[in-house]
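The values are calculated or read from the model by the stated rules, or taken from the named source; none is laboratory data. This structure is a prediction, so every number in the text was calculated from the model and none was measured. Neighbour counts run over all protein chains shown; Cβ positions are idealised from the backbone, glycine included.
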Amino acid sequence: MSKAHTHSINPTTELELIQRKRTALQKLVRLTATLNRLLQGLQAVLLTGRQIADIPAKIVEQFQSLGEKLQGHSTDTLKNTLSTTDLRMQSDIKHVLQLTRMDDNELGKHIGGTGTKLVDNLNQNLENYAGEFKKKAQTSIALRMVLKARNIITRALKLPVPEAFLEQQIAALDIRESECKKRIHRDMHSLHNDIDNLLQREDCPDKIRQHLMLIKNSMKKNIQHFELGKQLDEMPIMYESIELSAAPQDVAEVEAESQPPVTATTETTTSVAPEKIQKRSLISRIWFWLKSPMSVKWKDTSGKHMNK
């Protein structure tokens, strides 16, 4: 924004615009942190669908500290906890996959809310829900590790969807998270520049100038936190009080930059290879399952009507 254009705006109005951008940035950070929780949760789910012996040693090491916290419990307690955790996790997988089907714009609308149209029985904060899912999935792996060390055989989790589909969703979430991080980096520096431009204005009142300095110092901490690669969950802006929150229609909504992970396949002809027809059938089943009531299990999607 040029100085001539900036100076045509009242400093108070300019401050309100900065506050709105700051509010939108906080929402973007929370969205990105939620995507990260969903991503790590699904990554852990994928591992629980494999035997512990098949999990790479490097990944096993990452769960050692969590496993150490479980060492003091009896084997029976660990086995019962694993059964309960797996049952809850299997129930949550479908909800999580429904959430990953939302684009960033739609998912961002539910940040801070207590429910969604797609996940109508989500009775807690979306961010907390994603965090709990991640925790359950990672705990399931740690429990299996501890039990294996005690020579107790545990079954791999029976995944409700094909492993290949989970891998697709994980890859798509990873891309979305990376894109959101790029936007966070860009928006933080843009906001920092806006603050500097207003501070340099001769007509900026002292009261606004003092308030801007507080925001600038806060943004500096957030930029340092982000560029050091620290967890977004611990980013200062996640816990800041945001004043002068703009009306929803005035705040720039988070852009949906990524495409849905799986798209409907175009019509096939008799010349399509058999393996492609099989893939299309799989996608159709997944679509049917995600859109169906919770009572519909994955095995119920194999009927002939699904291939129509």
Which residues, counting only those in segment 53-74, are over 17 Å from I152 (Cα atoms), without any contact (Cβ under 8 Å) to a residue 12 or more places away in the chain and not charged (D, E, K, R)?
-> P56, A57, Q62, S65
Got at least one residue in segment 41-50 being over 16 Å from L157 (Cβ atoms) and either assigned to a helix (DSSP H, G or I) or within 12 Å of the chain's Cα centre (by Cα) (or both)?
-> no
How many residues, within segment 61-77, are small (G, A, S) and within 22 Å of the chain's Cα centre (by Cα)?
-> 0
Among I141, I195, I170, I215, which is closer than 23 Å to G108 by Cα and in a helix (DSSP H, G or I)?
-> I170
From the list N80, N36, which residue is in a helix (DSSP H, G or I) and over 27 Å from the mean Cα position of the chain (by Cα)?
-> N80
When only residues in segment 123-135 that are surrounded by fewer than 21 Cβ atoms within 10 Å (Cβ to Cβ) and either touching a helix residue (DSSP H, G or I) at 6+ places or on another chain (Cβ under 6 Å) or among the acidic types (D, E) (or both) count, which is modelled with the lowest pLDDT?
-> E127
Answer from L47, L39, L82, L70 - the residue that is surrounded by fewer than 20 Cβ atoms within 10 Å (Cβ to Cβ) and either at pLDDT 90 or above or over 24 Å from D187 (Cβ atoms) (or both) = L70
Is there a residue in segment 34-52 that is in the same structural domain as N125 (by TED's automatic domain parsing) and touching a Pro at 6+ places or on another chain (Cβ under 7 Å)?
-> no
